[in-house]
Amino acid sequence: MNEFLDLLVYIVPALAVIGLGGWAGVAAQKKRSARPTQGDAGKEATDSSDISIDDDPAVPAAGDVPATPAVEVPEAVTSRFTRLRSRLAASGSPLGARLLSVLSKDHLSEGDWDELEETLLMADLGAGPTSELIEALRTQVRVHAIKDAAQVKELLRTELVKLVDPSLDRSLKIDRQGEGGELPAVVMVVGVNGTGKTTTLGKLTRVLVADGRSVLLGAADTFRAAAADQLETWGARVGVATVRSDRDGADPASVAFDAAKSAKEQDVDVLLVDTAGRLQNKTGLMDELGKIARVVTKEAPISEVLLVLDATTGQNGLNQARVFAQVAGVTGIVLTKLDGTAKGGIVVAVQRELGVPVKLIGLGEGPDDLAPFDAEQFVAGILGD
Ligand SMILES: Nc1nc2c(ncn2[C@@H]2O[C@H](COP(=O)(O)OP(=O)(O)OP(=O)(O)O)[C@@H](O)[C@H]2O)c(=O)[nH]1
């Protein structure tokens with residue numbers, strides 16, 4: 001459903017939220033199926049004896065049965081927007097405030113321009129975009145003799161939005177595939193350790209479920225023992241099953257294959273595949289990603305490969321991005337941990353570097369702290385609007 005984020009255009013202005021209208025837009029659409037068929041998913045056999053589907057994720061272990069159903073309803077768009085927007089503003093405002101305080105001076109000295117440059121570089125905007133922005137601002141301020149602080153702010157907003165590039169297609173490819181829509185969409189997350197891959201998939205699961213889509217999770221992170229449990233817990237909270245191996249260190253490609261097979265057999269709308277964190281310089285592990293993708297593709301083409309990057313890692317994140325993009329065919333970036341960092345400039349740097357758009361941003365550890373990326377709203381957040 002390519003309209004996933006496109007609908008932001010219509011809904012966000014009314015909500016004035018950092019792109020959360022995208023979720024609302026999704027919910028407004030007619031869906032092929034309402035909820036995952038958990039019971040059915042559980043009945044499906046998988047090829048490998050040690051790979052299983054938690055057939056009734058919403059039901060807790062015996063002896064621990066609560067009186068009320070355990071399945072949660074994801075937080076409503078209207079109640080999360082203020083919280084998320086203020087987080088982005090809080091993390092971005094040191095940058096915005098510093099830029100504006102310098103630009104609002106009557107006369108900008110060479111020292112002031114240097115300070116601006118330094119501020120932008122420290123926000124991880126990257127050398128190229130920084131000099132472009134400084135150049136554009138210098139020209140405009142000089143030519144139009146701009147002194148008024150409000151005018152300066154608008155100028156800065158326009159130039160920053162240009163750099164972030166609102167024209168990029170940021171829609172998530174989560175439509176069913178195949179000529180008659182007989183195949184599920186397959187979304188895979190990749191990235192180095194601890195960037196927030198599992199958490200992002202958990203949050204995304206909630207969004208898709210709230211949207212009325214049936215989802216299956218594939219725990220192909222067999223390296224970290226707790227990763228499959230973590231994913232399973234995320235799924236269980238919203239009644240989504242997880243295909244996983246009961247054996248630590250199992251072949252991740254085998255789990256991914258079984259997940260894809262089950263997703264197809266169960267006719268779910270979207271399969272989300274988690275992968276283990278891996279350093280971009282470990283060739284064997286990077287090759288493993290290719291293998292996972294190849295076996296999944298035997299069942300259904302991969303719709304999205306999302307590279308999950310920790311926004312606080314700066315230049316190092318860019319190095320990771322380059323290698324993952326080459327090896328794993330990344331189609332979108334998820335920038336996590338944007339709460340609590342003033343390094344939002346990485347959005348521009350990573351998009352330029354890869355030619356791949358930032359599609360989602362993580363703004364906290366909470367279950368609903370994920371938002372579609374929107375250039376204007378992001379810049380507004382940075383400027384502390
Ligand atoms: N503040 C903040 N924390 C986040 C965000 N996204 C994830 N985290 C936290 O980052 C930590 C790592 O998240 P995981 O989802 O386990 O990361 P991972 O990439 O799956 O980890 P590996 O499988 O070990 O590679 C957890 O403590 C998450 O709660 C975010 O947007 N903001």
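Cβ-Cβ distances below 6 Å connect the following pairs, each with a first residue in the stretch 105-120 that is in contact (Cβ under 8 Å) with a residue 40 or more places away in the chain and closer than 20 Å to residue 344 by Cα, a second residue that is part of a helix (DSSP H, G or I) and not small (Gly, Ala, Ser), and a separation of six or more residues or different chains: 120/130. The residue list 330, 334 contains one member that is more than 12 Å from the chain's Cα centre (by Cα), at pLDDT 85 or above and hydrophobic (A, V, I, L, M, F, W, C), which is 330.
Across the stretch 274-292, what is the number of residues that are within 12 Å of the ligand (Cβ to nearest atom) and under 21 Å from the mean Cα position of the chain (by Cα)? Give the steps one after another, and end with the answer.
Going through the stretch 274-292, the residues within 12 Å of the ligand (Cβ to nearest atom) turn out to be 274-279, 285.
Checking which are under 21 Å from the mean Cα position of the chain (by Cα) leaves us with 274-279.
Residues meeting the conditions: 6.
If we scan the stretch 346-365, do we find a residue that is over 19 Å from residue 192 (Cα atoms) and touching a residue at least 60 places away in the same chain (Cβ under 8 Å)? Explain how you work it out, then say what you get.
Step one: list which residues in the stretch 346-365 are over 19 Å from residue 192 (Cα atoms), which gives 348, 352, 355.
Checking which are touching a residue at least 60 places away in the same chain (Cβ under 8 Å) leaves us with 348, 352.
The answer is yes; a qualifying residue exists.
In this structure, is residue 343 open to solvent by 20 Å² or more (accessible area, probe 1.4 Å) and among the charged types (D, E, K, R)?
Values: open to solvent by 20 Å² or more (accessible area, probe 1.4 Å): yes; among the charged types (D, E, K, R): yes.
Against the criterion (open to solvent by 20 Å² or more (accessible area, probe 1.4 Å) and among the charged types (D, E, K, R)), residue 343 qualifies.
Conditions tested, residue by residue: (1) among the basic types (Lys, Arg); (2) within 14 Å of the ligand (Cβ to nearest atom); (3) buried (at least 23 other Cβ atoms within 10 Å of the Cβ).
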{"site": "121", "(1), (2), (3)": "no, no, no"}
{"site": "127", "(1), (2), (3)": "no, no, no"}
{"site": "150", "(1), (2), (3)": "no, no, no"}
{"site": "162", "(1), (2), (3)": "yes, no, no"}
{"site": "166", "(1), (2), (3)": "no, no, no"}
{"site": "211", "(1), (2), (3)": "no, no, no"}
{"site": "218", "(1), (2), (3)": "no, yes, yes"}
{"site": "225", "(1), (2), (3)": "no, yes, no"}
{"site": "229", "(1), (2), (3)": "no, yes, no"}
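Checked against the criterion of being within 30 Å of residue 266 (Cβ to Cβ) and of a type in the set (Val, Ile, Thr), the candidates 161, 187 yield just one match: 187. Considering the stretch 231-245, the residues that are open to solvent by 10 Å² or more (accessible area, probe 1.4 Å) and within 12 Å of the ligand (Cβ to nearest atom) include one that is nearest to residue 335 (Cα to Cα), namely 234.
With respect to residue 358, is the statement that it is at pLDDT 90 or above and not hydroxyl-bearing (Ser, Thr, Tyr) true? Outline the logic, then answer.
On the way: at pLDDT 90 or above: yes; not hydroxyl-bearing (Ser, Thr, Tyr): yes.
Here the answer is yes, as residue 358 does meet what is asked.
Would you check if there is a residue in the stretch 218-226 being in a loop (DSSP other than H, G, I, E, B), at pLDDT 95 or above and out of contact with any helix residue (DSSP H, G or I) (no Cβ under 7 Å at 6 or more places or on another chain)? No: zero hits.
Name every residue in the stretch 193-206 that is farther than 15 Å from residue 273 by Cα and open to solvent by 10 Å² or more (accessible area, probe 1.4 Å), in order of residue number. Answer for the stretch 193-206, where residues must be farther than 15 Å from residue 273 by Cα and open to solvent by 10 Å² or more (accessible area, probe 1.4 Å): 193, 194. Only one of the numbered conditions (1) within 18 Å of the chain's Cα centre (by Cα); (2) at pLDDT 95 or above is not met by residue 214, and that is (1). For residue 254, the conditions (1) within 13 Å of the ligand (Cβ to nearest atom); (2) over 17 Å from residue 306 (Cβ atoms) all hold with the exception of (1).
The values are calculated or read from the model by the stated rules, or taken from the named source; none is laboratory data. All values reported here derive from a predicted model rather than from experimental measurement. All Cβ positions, even for glycine, are placed from backbone atoms using ideal geometry, and neighbour counts span all protein chains on display. SASA here: full protein model, heavy atoms, side chains in, ligands and nucleic acids out. Shrake-Rupley method; radii C 1.70, N 1.55, O 1.52, S 1.80 Å.
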